[in-house]
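One structure below.
The values are calculated or read from the model by the stated rules, or taken from the named source; none is laboratory data. In this text the structure is predicted, and so the values were computed from the model without any measurement. In this analysis, Cβ positions are derived from the backbone assuming ideal geometry, glycine residues included, and neighbour counts consider all displayed protein chains. Note: areas computed on protein heavy atoms with side chains; ligands, DNA, RNA excluded. Shrake-Rupley method; radii C 1.70, N 1.55, O 1.52, S 1.80 Å.
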Amino acid sequence: MADRFNEPLEARDRKLRKLRGKRDSDRIGQISEGIARFTGTPQFLVYLSVFVAIWLAWNTWGPEHLRFDSAALGFTALTLMLSLQASYSAPLILLAQNRQDNRDKVANEQDRQRAERNLADTEYLTREIAGLRMTLGDMATRDFVRSELRDMIEELDRERSDRLDEREERIAQLQAEIEQLRANHPESAHSDKSHND
C-alpha cells in the first residue's frame, strides 16, 4: 500500500487507463468475435433472409400510408441498411481473424516448444538406451559365465591330476630310493626289522 503513495498520481492514472484500455479492447474483441461468428452461421442467413422478405413484403403490399421504403425507388432504405451491415461486418470479421491469428501464433509457439521438449526427451532416452546397451554388452551373459566356469573346472582338474601324477612319481621315486638304501645296507634293514619286533 505504501508503494502506491511513492508513485506520482499521473503515472498511476496512466497505468489504470492502460489496464482499462487493455480490458476494454479485449472485451470489444470478444464481442466482435461473437458477432463475426454469428454472421457466419446459417441461422444468421435465415434471420437476414426473413428480415429482408418481411421488409420487401411490407413495403410492397402493406398499407400505402404505413410503407416507409418505396419500391419505386428500389428500396433505398433497405439497400442502405444492408450496405451499413456489410460495412460493419467486414471490419468485425477482420478483427476476429486477427485475434484468431494471434491465438494461432501462440498455439504454434507452444507446439514448437512442446516439440523441442519432446525431441530433447527423445534424444536423452536414446542416449540412455545406447548407454544401457553398451553396459549390457560389457556384462557377462549366463552362457559366457557357464563356459568360463567349465574352463576353470577343467583347468583345476588338469592341475589336480598333474599334481597327483607328480605326487605318485615322487612316491615312486622315494620308494625306489628306500629300496635302494635297503639293498645297500641289508644289516641296518635287518636290525630295523628285529628292533621293530
Identify, please: which residue in segment 29-47 is of a type in the set (A, V, I, L, M, F, W, C) and in contact (Cβ under 8 Å) with a residue 24 or more places away in the chain and is, among those, most open to solvent (accessible area, probe 1.4 Å)? Ile35
Residue that is more than 30 Å from Val50 (Cα to Cα), free of Cβ contacts under 8 Å to residues at least 24 places away in the same chain and open to solvent by less than 70 Å² (accessible area, probe 1.4 Å), where the choices are Ala130, Ala90, Ala86: Ala130
Could you tell me how many of the residues in segment 38-63 are touching a helix residue (DSSP H, G or I) at 6+ places or on another chain (Cβ under 7 Å) and closer than 15 Å to Ser89 by Cα? 3
Among Leu80, Leu73, Leu66, Leu95, which is in contact with a helix residue (DSSP H, G or I) (Cβ under 6 Å, 6 or more places away or on another chain) and either open to solvent by 50 Å² or more (accessible area, probe 1.4 Å) or free of Cβ contacts under 8 Å to residues at least 40 places away in the same chain (or both)? Leu95
Leu19, sole failed condition from (1) at pLDDT 85 or above; (2) of a type in the set (A, V, I, L, M, F, W, C); (3) surrounded by 10 or more Cβ atoms within 10 Å (Cβ to Cβ): (1)
The correct count of residues that are modelled with pLDDT under 85, in contact with a Ser or Thr (Cβ under 8 Å, 6 or more places away or on another chain) and not in a helix (DSSP H, G or I) in segment 26-77 is 2
